[in-house]
Amino acid sequence: MTTLTQFTEPTAQAAGAADALLEGHLTLTRGAFTLDTGAFAFPAQGVSVLFGRSGSGKSTLLRAITGLDAATRGTLRFQGEAWQNQARRLPATLRNIGFVFQEAALFNHLNVRGNLHYALARAPASAPGALEQLAARVGISHLLHQSVTTLSGGERQRVAIARALLSQPRLLCMDEPLSALDWRAKSELLALIDSLAQETGIPVLYITHSPREVERLASRVIFMADGRIERVESLREALARPDSALFDEEGPVSVLQGSLQASDESGLASFGNPMLRLRLSLATAARPSATRLRVLARDVSLATVQPQGLSILNQLPITITALHPGGQGRVTVVCTLADGQALLAEITAYSSQALALAPGMQAFALIKSVALME
Amino acid sequence: MNFAGMTPGEWQAIWLTAKLAGLTTLILLLLSAPLAWWLARSGSRLVNSVAALVALPLVLPPTVIGFYLLIVLGPQGAVGGTLERLGLPHLAFSFWGILVGSVIYSLPFAVQPLREAFGAIDTRLLDAAATMRAGALDRFFSVVLPLSRSGILTAVVITFAHTVGEFGVIAMLGGSIAGETRVVSIAIYDYTQALNYGAAHRLSAILLGFSFLTLMLFYAINQRVMNPLKPR
């Protein structure tokens, strides 16, 4: 597929045209595997997630973009600057890229400070104390004098992230940085990566095969399959498509954006915005900074009239926008919430017929459970 | 055994041996590092042929190496003849000749440990260094060499010790010229031929002791290098 995906993200338009893009068409053959991206262009802003099954070419594409593989052919432009064309290939050392590997790739012959200093010494001059400040920001100040061989997996990735940032990259590449970590370290680092991306404004290319990481971090999703880029979509677009590859594991999922308010007199916290309010039990609301709420479509039921006498906390008015018949007698219903955000509900085809659901209809969504994305 | 009765000739043989082994080790380190890097990392189709060539001294009788070098470095040989035409001495029966012989003879002992050490380095470390703007030479000195400490130490010690223990190549190529080619192993042979067992004993014991102490020190140091590295 060589179609160029069009973008409707407001951020991309605000920042201007070609000078904020990562665009090109890259090919790279490694053994029996061939990467042929097709022509692509997407904003080099926020977190762009490369998503696909293992073997789909995510890592190969990232290596091609970084310039680490000399066999890469094709063209690549980053924010208007030619990184590769038919005539020449800018070496990785000159691309101002930060790279965080799955296994952190720390230098065992240097301690934590030595690893950070390696990047600092080769970067453009930075303010005095930059190393200590960043170490404090990512939570490794107490580890600076330690050997990297004594660190836990989460600590190693924190060092790797700090090291990559200290080299003052224009583009931060992360190749499945969390896949080797336990769930607690994973959720802590997801939050850290998210806030660092926002604080620094450095565009991030992030590889994962975990839909949850996509939903938590992504500004946009680059779907990869069989060595090519299948489509580039904003997270909202990707989640609005019931056949999205993001849903292969757990079925359709909605991610609602909003902010969390402290618990009210009922002991419940609320999440949302002036147009939309969901209520959560306190246990669910442990993270005051959470801005994304995850709702599995199979946890959403529909009712044509507002039900009475139900224990379900969240009963939201919706408008049905589309019905997508899925396999096994199930239907995915795309609903629009009061504030315009999309909510997916997965119900049986039988119920859908019995209630005579159709696009344009007003109804109520009953949400059985939600999860704040930490 | 009477070590006090060491003759000036014997001291000279010991000094010559140390000089030969030291220079050989130095030259081989500089030569073997790029060669071992190429063998470990290039993925070239020629790697196996070159590796076989490098390993030849391991299986060839030293006399064969010494014989060919005598031909090539001697006055009628390609190298020796050329040197003579340029007004320089040929290399047979000279210190520089046995130095060339030692370098070739000990080559596999320097290349192999370096090749293993270089090959064991995770390429992602080099990729990471490259993204932090470290160029190829910078990466070699700041990542490859420090992570290859153990391999480098092995190469140095084994090359030095192996050159000290060399006999056949020198006997063929250098003969036994005092101060020029008569290293300890040659001197021992001469003493034995002359039935001077006392002197042969003395020099043999020195070589035995030196070799044992060197290897022991090597294992002790290597153990420390292999252990979890002390942070700098």
When the range A:114-134 is checked residue by residue, the ones that are surrounded by fewer than 18 Cβ atoms within 10 Å (Cβ to Cβ), polar (S, T, N, Q) and modelled with pLDDT of 90 or more are A:Gln133
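Name the one entry in A:Gly24, A:Gly67, A:Gly52, A:Gly38 that is in contact with a Pro (Cβ under 9 Å, 6 or more places away or on another chain) and modelled with pLDDT under 95. Talk me through it step by step, then tell me what you get.
Working: A:Gly24 fails: in contact with a Pro (Cβ under 9 Å, 6 or more places away or on another chain); A:Gly52 fails: in contact with a Pro (Cβ under 9 Å, 6 or more places away or on another chain); A:Gly38 fails: in contact with a Pro (Cβ under 9 Å, 6 or more places away or on another chain).
Unique residue meeting the criteria: A:Gly67.
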Limited to the range A:316-338, what total is found for residues that are out of contact with any Ser or Thr (no Cβ under 7 Å at 6 or more places or on another chain), surrounded by 16 or more Cβ atoms within 10 Å (Cβ to Cβ) and not aliphatic (A, V, I, L, M)?
1
Which members of the range B:118-158 meet the condition of being more than 8 Å from every other protein chain (Cβ to nearest Cβ), small (Gly, Ala, Ser) and in contact with a Gly (Cβ under 9 Å, 6 or more places away or on another chain)?
B:Ala120
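Which members of the range B:95-125 meet the condition of being closer than 19 Å to B:Ala52 by Cα and among the basic types (Lys, Arg)?
Filtering the range B:95-125 for residues closer than 19 Å to B:Ala52 by Cα gives B:101-119.
If the condition is that a residue be closer than 19 Å to B:Ala52 by Cα and among the basic types (Lys, Arg), then B:Arg115 is the only one that fits.
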Scan the range A:167-191 residue by residue and report those that are part of a loop (DSSP other than H, G, I, E, B) and either without any contact (Cβ under 8 Å) to a residue 24 or more places away in the chain or at negative phi (or both).
A:Ser167, A:Pro169, A:Arg170, A:Pro177, A:Leu178, A:Ser179, A:Ala180, A:Leu181, A:Asp182
Out of the range A:157-206, which residues are of a type in the set (Ser, Thr, Tyr) and away from chain B (no Cβ under 14 Å)?
A:Ser179, A:Ser187, A:Ser195, A:Thr200, A:Tyr206
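If you take just the helices (runs of 4 or more DSSP H) that sit entirely in the range B:133-232, which of them hold at least 1 residues that are hydroxyl-bearing (Ser, Thr, Tyr), surrounded by fewer than 15 Cβ atoms within 10 Å (Cβ to Cβ) and within 19 Å of the chain's Cα centre (by Cα)?
Numbers: elements: B:136-139, B:149-164, B:168-173, B:184-193, B:197-226.
Because the criterion is at least 1 residues that are hydroxyl-bearing (Ser, Thr, Tyr), surrounded by fewer than 15 Cβ atoms within 10 Å (Cβ to Cβ) and within 19 Å of the chain's Cα centre (by Cα), the helices (runs of 4 or more DSSP H) in the range B:133-232 that meet it are B:197-226.
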Suppose we filter the range A:137-187 for residues that are surrounded by fewer than 17 Cβ atoms within 10 Å (Cβ to Cβ), more than 22 Å from A:Leu50 (Cβ to Cβ) and touching a Phe, Trp or Tyr at 6+ places or on another chain (Cβ under 8 Å); how many remain?
0
So, in the range A:85-113, of the ones that are within 17 Å of A:Val148 (Cβ to Cβ) and either small (Gly, Ala, Ser) or without any contact (Cβ under 8 Å) to a residue 12 or more places away in the chain (or both), which residue ends up farthest from the other protein chains (Cβ to nearest Cβ)?
A:Ala104
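Looking for something among the charged types (D, E, K, R) and at pLDDT 95 or above - is there at least one such residue anywhere in the range A:91-113? Explain how you work it out, then say what you get.
Within the range A:91-113, the subset among the charged types (D, E, K, R) is A:95, A:103, A:113.
So of that shortlist, the ones also at pLDDT 95 or above come out as A:113.
Yes, the range A:91-113 contains at least one residue that is among the charged types (D, E, K, R) and at pLDDT 95 or above.
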From the list A:Leu344, A:Leu278, pick out the single residue that is surrounded by 11 or more Cβ atoms within 10 Å (Cβ to Cβ), touching a helix residue (DSSP H, G or I) at 6+ places or on another chain (Cβ under 6 Å) and within 24 Å of A:Ser219 (Cβ to Cβ).
A:Leu344
If a residue has to be under 12 Å from B:Leu147 (Cβ atoms) and β-branched (Val, Ile, Thr) to count, how many in the range B:100-122 make the cut?
1
Exactly one condition in (1) assigned to a helix (DSSP H, G or I); (2) out of contact with any Cys (no Cβ under 9 Å at 6 or more places or on another chain); (3) closer than 27 Å to A:Ala125 by Cβ is not met by A:Ala164; state its number.
(2)
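Scan the range A:192-233 for residues that are assigned to a strand (DSSP E or B) and among the β-branched types (Val, Ile, Thr) and report the count. If you could, list the steps in order and put the result at the bottom.
At the first step, the residues of the range A:192-233 found to be assigned to a strand (DSSP E or B) are A:204-208, A:220-225, A:228-233.
Imposing the further condition that a residue be among the β-branched types (Val, Ile, Thr) reduces the set to A:204, A:207-208, A:221-222, A:229, A:232.
Qualifying residue count for the region: 7.
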When you go through (1) more than 9 Å from every other protein chain (Cβ to nearest Cβ); (2) at pLDDT below 95; (3) not in a strand (DSSP E or B) one by one for A:Ala82, which number turns out not to apply?
(3)
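Restricting to the range A:217-251, count the residues that are of a type in the set (Lys, Arg) and modelled with pLDDT of 90 or more.
The first filter runs over the range A:217-251 and keeps only residues of a type in the set (Lys, Arg), leaving A:220, A:228, A:231, A:236, A:241.
Those still in the list that are modelled with pLDDT of 90 or more too: A:220, A:228, A:231.
The qualifying residues number 3.
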Test for A:Leu61: is it crowded, with 23+ Cβ neighbours inside 10 Å, touching a helix residue (DSSP H, G or I) at 6+ places or on another chain (Cβ under 7 Å) and more than 9 Å from every other protein chain (Cβ to nearest Cβ):
no
Answer yes if at least one residue in the range A:117-126 is within 12 Å of another protein chain (Cβ to nearest Cβ), within 23 Å of the chain's Cα centre (by Cα) and either more than 19 Å from B:Gly135 (Cα to Cα) or not polar (S, T, N, Q) (or both), and no otherwise.
no
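The values are calculated or read from the model by the stated rules, or taken from the named source; none is laboratory data. Quick caveat: nothing in here was measured; it's all calculated off a predicted structure. All Cβ positions, glycine included, derive from the backbone under ideal geometry; neighbour counts span all protein chains shown.
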